[in-house]
Structures are given as structure tokens and as C-alpha cells.
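All remarks here apply to the structure that follows.
The values are calculated or read from the model by the stated rules, or taken from the named source; none is laboratory data. Everything numeric here is computed off the predicted structure, so don't read it as measured data. Note: ideal-geometry Cβ built from the backbone for every residue, glycine included; neighbour counts use all protein chains shown.
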Amino acid sequence: MRLAVYEDHSEQFSPLTLLRPVFELRCGHFSLRERLVRQFKPEEWGVFLRPELVDTYAESHSDAHVNDLDWLAEETTLVVNGRLLGGVPNQDLKPGTAAWLGDELAWCCVPAGTRLSSDDPIAALKKVAGNFDSQPASGTMLQRPWDVVNHNLEQLTADFRGRLRENAGEIPDYVGVVGNRDDIFIHKTAEIEPYVVINATHGPVWIESGAKIQAFTRLEGPCYIGQDSQLFRANVREGCSIGPVCRVGGEIEESIIHGYANKYHDGFLGHSYICPWVNLGAVSTNSDLKNDYSAVRVPIGGEIVDSGSTKVGCFIGDHSKTAIGSFFNTGTSVGIMSLILPGGQLLPKHIPSYSRVWKGHLEPLPDRYDSAISTAHYAMGRREQTLTPAMERLLKFVYENTTKERDMALNRWQERNRK
């Protein structure tokens, strides 16, 4: 069977989804889309996403059919909501069936010959699925960035249990192990120095190929260390996913570092999601719990949203950088391409894309986005990656389409500081 994944309500996950579809967010060992591809091993797969993401997605996933309605109509295809975490059965997927979580479409099996309107294919899909044989769905429909973080701990354990232990290496005798050794996977190419402690008492630990774990690091499961990532004297507490090619130190708890990001130095990161190409300067630290233990409110695209949770950290978009001693308030949102230069106090909770905090003041980048693009070229080149013309066009699109949010945040900041 063929597989297609679609996104809807991506704006609810800003700033994490400004440069990627919602189904490419990491939870556990994989992105939501990667987990479906691993589960079904489809002969062909496709995606349906926002028009501005088409070029960059096709560029990075050459085997995907992107927004191709003709391809969808050719054969029977399993179509899954990209916000769905788990809950798609491996069997009994009959054409003309659909599963729902409340009033939200979780997945449907679209028969060959089904033609969807090109004006709004996702709305057309949901209308067609409303005529299919209906059944309740299992799994979880993610709604906000903190949902991804909150489900990470349980997904880490599920992913560990569901994977083959290929190319497993031995646990070195000089590594301190607490808990069941069968709950620890270390790829044979990973390097672990003496005086590392791995605690699998509360969940499994998976260390991918090429990872390097420096002495005096402590890993507490469940956690995942991605390919070619390096840990420097880190205290990684339970519920952490660290994606590929990251440099990580300090204390981390129940957080997701998507990949290609740096948190080399000391400082606390808790209940947070960090996007690629973010660099957290020395002692950059976030709060993830309010003093009065009340629910945390988070700015999402400029709108203040009650998370309903007492433990929420920060959400930092791609290519943003923090300088030494940056202190983030509980429930902070930082857009893409922002520069944080602290002024000896808590930072604003809403730092929109293409902004900077300079000497305690929130302001737009002085040269709009030109220097940010140059910095992105340099940072990616250091990791042997390329900022392509398609990526530059997307970055410019986001700049232009976050103008209203940026102006609103700056006006609010100025009004507060005039009082």
C-alpha cells in the first residue's frame, strides 16, 4: 500500500513549523512522518503541505510525491494526518474506511480514482472521508508545541521497544550502568569515554552511530542520542531526544533538540523544543515552572495561549542565537533568525522572527534579514550543509509573512516600557 501524510493547523505549532511541515517535528527517535514510513514501508509515499514549503521539501526528500493529486488518484493510498502520534493499525486497512478522533480525521484509506479539489485538497479529503465507513481512532492528535514535548517520554520507550538492535556494540566495562543492560543500545561506531554513567532504571537509552559521549556525562532513560551528536559533561535527564549532529552540555530535562543545534556549555534546558541551527550561548537557561505553580501561558504566533500545563519551557525557531547569560522566562517563544543579547534580566516571552534583544530592548533586526542570511550560510557550511536558493526564498517568505506579528510584539514591548 502507498502512504501519504498531510498537515493541517500548522500555525498552532509556530515557531517550530515556520520552516517545516508539522509531520517533520521530532518526537521520540523519529519525526512523525519517519515513524509512519518505518511502520508501513510503502512502495511510494507522498505529502501534502503548504505551498511555500514545496520547493524545500522536494529538495530534501527527492523520493516523495509532493502535493501531487494525480499521484494520489492512481492507486489506493493510506492518508494520515501528520499531527497523529500512533494509532494507525497495520492490518484491516480497507479502501473507503476512515478513523476519527472526535471530529478530527486521523487517517483514511482512499480508493484509487479519488479526485480531490486542487483549491483546498485537505478540506476536500475530509469531506470525502466523511462518506467512508467510519471507525474510532486510537493514538493522540497533537495540538500545540508543548504536546510534542509532553509525549516525548512515552514515545522514546515505544520507539526503543519497536526497533531492531542492528549493529549493536558492547557496553564498555568502564561505563557505569544502573538498571537493566538490555535497555541500553549503543551503536558499534559510537564512542564513549570512561566515567560516563547510563541509568536505565526508568526507561531505555539509545545511542546512535557516530555519537561521542565525553567523560562525566550522565544519561538517564528514556532518552535518545542522535547520529554524530556529541555530549560534553552533560547531565541528560529523562525524556530527552537529541537529534543528529548536535553539541550538547549542561543539564537537559524532557526536551527535544531537533538536530544540527548547539548547547555546548552549562545552563539548564527543560520542557523545551529547539529547532536546527540554534546556538545557545554559555549559561543560557530557561524556566519551565512558575513560582506559583499555575498553568503556563505561551505566545503562539502573537496569540497568548493557555497551555493547561504547569511545566512548559521555551520553543526556539531555526537559526536563532543566544549570547552568554540568556535567561528565558517560562513559556517563551522565539521565532526564526532572531538574535538574543541579554541585558541582565529575564528576556521577553515573545521574541518574533527576525528580531533581536539588544541591551534589554526588543527591536527588529537593523538590516532586516541580510546579515541573518549570511550567518546561516556560514553556520551551515561549518557542518558541511548548504543554504540553498530554495531555502533562502522560504526564509524571505517567512520574513514577509511575520511582519504583522513582529510589529505587534514590538508595539506591546514599547507600551509596557513606557508605563
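List of remarks:
- Count of residues meeting criterion [free of Cβ contacts under 8 Å to residues at least 60 places away in the same chain, under 15 Å from S309 (Cα atoms) and either buried (at least 20 other Cβ atoms within 10 Å of the Cβ) or not assigned by TED's automatic domain parsing to the domain that holds A323 (or both)] in the stretch 240-295: 3
- Scanning the stretch 128-163 for residues that are surrounded by fewer than 16 Cβ atoms within 10 Å (Cβ to Cβ), of a type outside the set (D, E) and outside any loop (DSSP other than H, G, I, E, B) yields S134, Q135, P136, R161, G162.
- When A106 is tested against (1) in contact with a helix residue (DSSP H, G or I) (Cβ under 7 Å, 6 or more places away or on another chain); (2) on the phi < 0 side of the Ramachandran plot, exactly one condition is not met: (1).
- Within the stretch 103-113, tally of residues that are touching a residue at least 12 places away in the same chain (Cβ under 8 Å) and surrounded by fewer than 20 Cβ atoms within 10 Å (Cβ to Cβ): 4
- The stretch 52-67: number of residues that are crowded, with 20+ Cβ neighbours inside 10 Å and either assigned by TED's automatic domain parsing to the domain that holds L387 or free of Cβ contacts under 8 Å to residues at least 12 places away in the same chain (or both): 0
- All strands (runs of 3 or more DSSP E) inside the stretch 309-374 with 2 or more residues being surrounded by 24 or more Cβ atoms within 10 Å (Cβ to Cβ): 314-316, 332-334
- Yes/no for V305 being touching a residue at least 60 places away in the same chain (Cβ under 8 Å), crowded, with 23+ Cβ neighbours inside 10 Å and not in a loop (DSSP other than H, G, I, E, B): no
- Taking each residue of the stretch 32-51 that is over 22 Å from F160 (Cα atoms) and looking for partners that are in a helix (DSSP H, G or I) and not polar (S, T, N, Q) with beta-carbon atoms closer than 7 Å, six or more apart or interchain, yields W45/V37; G46/W71; G46/L72; V47/Y57; F48/P121; F48/I122; L49/Y57.
- Those residues of the stretch 265-287 which are more than 19 Å from L341 (Cβ to Cβ), within 12 Å of the chain's Cα centre (by Cα) and not in a loop (DSSP other than H, G, I, E, B), in sequence order: Y273
- Only one of R161, R165, R237 that is touching a Phe, Trp or Tyr at 6+ places or on another chain (Cβ under 7 Å) and either within 25 Å of L25 (Cα to Cα) or not assigned by TED's automatic domain parsing to the domain that holds L269 (or both): R165
- Candidate set: the stretch 68-84, residues that are touching a residue at least 40 places away in the same chain (Cβ under 8 Å) and surrounded by fewer than 20 Cβ atoms within 10 Å (Cβ to Cβ); chosen: the one nearest to S10 (Cα to Cα): L69
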